[in-house]
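Chemist: My questions will all concern the structure given below.
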Amino acid sequence: MADAAPAAPAATEPDPAGPAPLTARQVAIHVGLFLAACATTTWAGGVWFAATLMGILLCHEMGHYIAARRYHLDVSPPYFIPLPPQFSLGTLGAIIRMRAPIRDRDQLLIVGAAGPLAGLAVAIPCLIVGLALSDVGTIAPGSMLEGTSALYAAFKLTIFGRWLPHGTQDVQLHPMAFAAWYGLLVTMINLVPIGQLDGGHVMRAWLGDRHERLSALFHWALLAVGAIAGTVLFVQAEAAGKDALGAGEYALAGVLPWLVWAVALLVMRRMADGEYHPAVFGPPLSPRRRRLAQAMVVVFLLLFVPVPLRPAL
């Protein structure tokens with residue numbers, strides 16, 4: 001059972017009137033960044049890719065925004081981050097600014113869960129359509145293979161009637177399918193149950209102060225996952241005939257993503273004066289709300305990908 005906490009200080013109570021209306025300049029900034037991200041994602045992968053990915057990201061961020069506005073929280077619309085495709089897939093996603101942390105357990109849970117659920121409501125249908133538009137073919141040496149989660153593997157099995165990749169065969173992804181897969185990956189990253197990620201919000205609302213200690217353990221677990229993934233890739237590369245140096249380079253595909261995420265979370269913690277997540281207040285979650293938190297953990301496990309991308313051997 002989650003621990004009880006004292007009532008929230010009055011200073012953290014939301015203004016019943018909600019945030020002030022956006023100025024014309026603020027609207028122009030939000031719309032301009034969104035259109036710029038649409039342009040850079042189109043540059044990166046074409047119209048199908050851009051429309052799918054931006055639709056998923058927009059719904060994800062608007063899920064957070066609408067849920068926060070429901071509680072009259074002072075929250076900004078999303079700021080999208082466009083980047084040239086030389087450095088990314090055209091965007092680093094988006095961020096939403098809040099003037100103060102959410103201190104109420106129920107509000108934190110709903111706002112944290114709303115984004116991933118809204119994004120998945122778009123990503124899953126797009127994945128199904130995208131896979132239906134894709135073909136199975138021979139894996140070209142050196143091509144990039146996307147990581148397979150339990151959910152992604154189940155959809156490929158349902159649509160193609162076999163586990164893929166298998167041998168030298170895998171799905172040659174339509175741009176819509178690749179964008180939807182990337183949307184699932186972004187959702188999985190956001191649901192990592194640490195700090196101020198969406199998953200961290202959900203777990204803090206559910207577990208209260210205990211989540212601060214668990215965040216530290218989960219943080220170390222990221223490095224452990226990277227070490228295990230790197231070791232498996234190293235062994236696979238050696239079995240495929242690579243020397244130790246080549247196998248080590250190949251293993252970096254399993255190590256680097258988890259190392260980068262661990263470092264990013266460390267930086268976020270340092271910027272928050274050494275705590276993973278601000279404290280929450282109010283009574284423990286109701287049984288219904290706890291079931292929602294538990295469901296988000298299940299979603300994270302279904303989306304979990306040990307190695308996001310790796311080159312084919």
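The values are calculated or read from the model by the stated rules, or taken from the named source; none is laboratory data. These numbers come from a predicted model, not from an experiment. In this analysis, Cβ positions are derived from the backbone assuming ideal geometry, glycine residues included, and neighbour counts consider all displayed protein chains.
Chemist: Considering only the stretch 210-219, I want to know if a residue exists there that is in a helix (DSSP H, G or I), of a type outside the set (D, E), modelled with pLDDT under 95 and closer than 26 Å to E146 by Cβ.
Modeler: Among the residues of the stretch 210-219, at least one is in a helix (DSSP H, G or I), of a type outside the set (D, E), modelled with pLDDT under 95 and closer than 26 Å to E146 by Cβ, which makes the answer yes.
Chemist: Could you name every one of the strands (runs of 3 or more DSSP E) located completely within the stretch 92-201 that has at least 2 residues being in contact (Cβ under 8 Å) with a residue 40 or more places away in the chain?
Modeler: Numbers: elements: 135-138, 144-146, 169-172.
Counting at least 2 such residues, we get 144-146.
Chemist: Right, something else. Restricting attention to the stretch 64-93, and to residues there that are surrounded by 22 or more Cβ atoms within 10 Å (Cβ to Cβ) and of a type in the set (G, A, S), which single residue is farthest from V202 (Cα to Cα)?
Modeler: Result: G90.
Chemist: While we're here: Report yes if some residue within the stretch 245-259 is closer than 24 Å to L120 by Cβ and of a type in the set (A, V, I, L, M); otherwise report no. Walk me through how you get there before you give the answer.
Modeler: Restricting attention to the stretch 245-259, the residues satisfying the condition of being closer than 24 Å to L120 by Cβ are 257-258.
With of a type in the set (A, V, I, L, M) added as a condition, the list becomes none.
No, there is no match, as no residue in the stretch 245-259 is closer than 24 Å to L120 by Cβ and of a type in the set (A, V, I, L, M).
Chemist: Report the residue count in the stretch 219-247 for those that are surrounded by 18 or more Cβ atoms within 10 Å (Cβ to Cβ), touching a Leu at 6+ places or on another chain (Cβ under 7 Å) and touching a residue at least 60 places away in the same chain (Cβ under 8 Å).
Modeler: Residues flagged as surrounded by 18 or more Cβ atoms within 10 Å (Cβ to Cβ), touching a Leu at 6+ places or on another chain (Cβ under 7 Å) and touching a residue at least 60 places away in the same chain (Cβ under 8 Å) within the stretch 219-247 amount to 1.
Chemist: Hey, among L301, L265, L292, which residue is touching a helix residue (DSSP H, G or I) at 6+ places or on another chain (Cβ under 8 Å), in a helix (DSSP H, G or I) and within 17 Å of L223 (Cβ to Cβ)?
Modeler: Only one candidate passes the filter, namely L265.
Chemist: Which of the residues belonging to the stretch 55-86 are assigned to a loop (DSSP other than H, G, I, E, B) and of a type in the set (D, E)?
Modeler: D74
Chemist: Which residue out of A216, A253 is crowded, with 19+ Cβ neighbours inside 10 Å and either more than 18 Å from Q107 (Cα to Cα) or touching a Leu at 6+ places or on another chain (Cβ under 8 Å) (or both)?
Modeler: Answer to the check: A253.
Chemist: From T42, T52, which residue is crowded, with 21+ Cβ neighbours inside 10 Å and either of a type in the set (D, E) or under 29 Å from L127 (Cβ atoms) (or both)?
Modeler: Of the residues listed, the single one that is crowded, with 21+ Cβ neighbours inside 10 Å and either of a type in the set (D, E) or under 29 Å from L127 (Cβ atoms) (or both) is T52.
Chemist: Here's a follow-up. Working only within the stretch 275-289, note down all residues that are surrounded by fewer than 16 Cβ atoms within 10 Å (Cβ to Cβ) and within 13 Å of H219 (Cβ to Cβ).
Modeler: Answer for the stretch 275-289, where residues must be surrounded by fewer than 16 Cβ atoms within 10 Å (Cβ to Cβ) and within 13 Å of H219 (Cβ to Cβ): just E275.
Chemist: Looking at V280 and the list (1) among the β-branched types (V, I, T); (2) in contact with a Lys or Arg (Cβ under 6 Å, 6 or more places away or on another chain); (3) more than 23 Å from A114 (Cα to Cα), which single condition is not satisfied?
Modeler: Here V280 clears every test but (3).
Chemist: Here's something else I'd like to know. Name every residue in the stretch 101-127 that is of a type in the set (G, A, S) and in contact with a helix residue (DSSP H, G or I) (Cβ under 6 Å, 6 or more places away or on another chain), in order of residue number.
Modeler: Taking the stretch 101-127 and keeping what is of a type in the set (G, A, S), we get 112-115, 118-119, 121, 123.
Of everything in the stretch 101-127, those that are of a type in the set (G, A, S) and in contact with a helix residue (DSSP H, G or I) (Cβ under 6 Å, 6 or more places away or on another chain) turn out to be G112, A113, A114, G115, A118, G119, A123.
Chemist: Is it fair to say L89 is assigned to a loop (DSSP other than H, G, I, E, B), in contact with a Gly (Cβ under 8 Å, 6 or more places away or on another chain), modelled with pLDDT under 95 and not small (G, A, S)?
Modeler: yes
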